[in-house]
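Here is the structure we will look at, set down as C-alpha cells.
Where a number appears in this text, it was derived from the coordinates with a stated rule and is not lab data. Because the structure is a prediction, the values reported are computed rather than measured. As a convention, Cβ positions derive from the backbone with ideal geometry for all residues, glycine included, and neighbour counts pool all protein chains shown.
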Amino acid sequence: MRTTALCLLAALSLPRTTSAQTRPVTIDDVLALRAVAAPTLSPDGTAVLFTVRQWHDGEGGKKDARTHLWRAPADGSAPARQITFGERGDTQPGWSPDGRYMSFVSSRGKQNGQDAKAQLWVMRSNGGESWPLTEAGESVEQYAWSPDS
C-alpha cells in the first residue's frame, strides 16, 4: 500500500501536459510515455527518490530507453526534479540509513575502451556531484546499506 501511494505521489509530481482534443494514439504518443517506479522514502520521511524511464533520441536516429533518478518532497510541496543524467541510465535508488547520502546503480564512462560495467554510485542527500563507490569487474546487480551507513 505504501509503495502504491509513493508511486502515485511520484507520478503526480512530474510535469504534466494537457490536451483538449481527442484523437487516436500515435507511436509518438507511446514514445512520450514515462514509467515511474522504485519509490524509496528517505529515513526521515521528508523526501522520496524514484525512477522515471522514458525514450530518448539515441545514436543514428534510433530511440533509446533510459531510466533516471528523480526526487520529490514526500508532502508534495514542490515539483519533482531529475537528479541524475547518466548517458546510459541510472537505477535502484536508495538512501543511507542516516539519510546523509543517496545511492544508485549506473554504467558511466568507459573501462578498457568498452562501455563501463554498472557500479554503485553515491551522492550527498542535499545534491551535488555523484561519485563511484565500487569498481567491480562485473556489473553490480544489487546492493544494500549496512545499518551504520
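Applying both filters, DSSP loop and at most 15 other Cβ atoms within 10 Å, to the trypsin sites (Lys or Arg not before Pro) of the stretch 91-131 gives Arg100, Lys117.
In this structure the amide hydrogen of Ala47, modeled in the peptide plane, comes within under 5 Å of the amide hydrogens of Ser42, Ala74, none closer than 5 places in sequence on its chain. Residues whose amide H falls under 5 Å from that of Gln119, counting only those 5 or more places apart or on a different chain, are Ser106, Ser107, Arg108, Val140, with hydrogens built in the peptide plane. Placing a pseudo-label 7 Å from each Cα along the Cα-to-Cβ vector at Arg34 and Asp75 gives an inter-label distance of 2.3 nm. Normalised by 2.2 N^0.38 Å, where N counts its residues, the alpha-carbon radius of gyration of the stretch 35-145 equals 1.09.
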